[in-house]
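Asker: The structure is given below, and queries will be raised subsequently.
Every read-out reported here was derived from the displayed coordinates using simple, explicitly stated rules and does not represent laboratory data. Everything numeric in this text was worked out from a predicted model, so none of it was measured.
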């Protein structure tokens, strides 16, 4: 009888730990696995944009628009969108910001992301 009670206690603790783990796995707001994959792809695209900007800046001494990066071959991005996210680059005299705009109309609650010369992808403030 003690053995059966011990097994039930261990099973209960395991189920609670499992539930707690997966409840926190979705707390970042990414939702489904497909949405998580899309967000990772968007972040990778932003890193590619930032690397292209840094390479362009090293060669030309300034920053370029998205059109300039693709036309001169610094960026080999075929699509300028991913699952509704669209990309844009804002240039200033001392830096750049590559932004992924989310499709709020079709994906309510989604987050815009950006990367700048620090190469750190961040959620854009709303």
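Asker: Counting only C-alpha contacts under 8 Å and six or more residues apart, can you give the relative contact order of the chain as a whole percent?
Answerer: Relative contact order of the chain: 18 percent.
Asker: A follow-up question, please. Over the chain, what number does the Rg to Rh ratio reach, with both radii from the alpha-carbon atoms and Rh per Kirkwood?
Answerer: 1.26
Asker: Could you tell me how many degrees, from 0 to 90 and to the nearest 10, lie between the Cα long axis of helix 33-60 and the main elongation axis, the longest principal axis, of the Cα atoms of the chain?
Answerer: Once rounded, the angle reads 30 degrees.
Asker: Relative to the first principal axis of the alpha-carbon coordinates of the chain, what is the inclination of helix 2-25, with its axis defined by its Cα atoms, in degrees from 0 to 90 and to the nearest 10?
Answerer: 20
Asker: Let me ask you something else. Mind telling me which of 87, 56, 20 comes out most flexible in a GNM of the chain, alpha-carbon contacts under 10 Å?
Answerer: Largest GNM mean-square fluctuation: 20.
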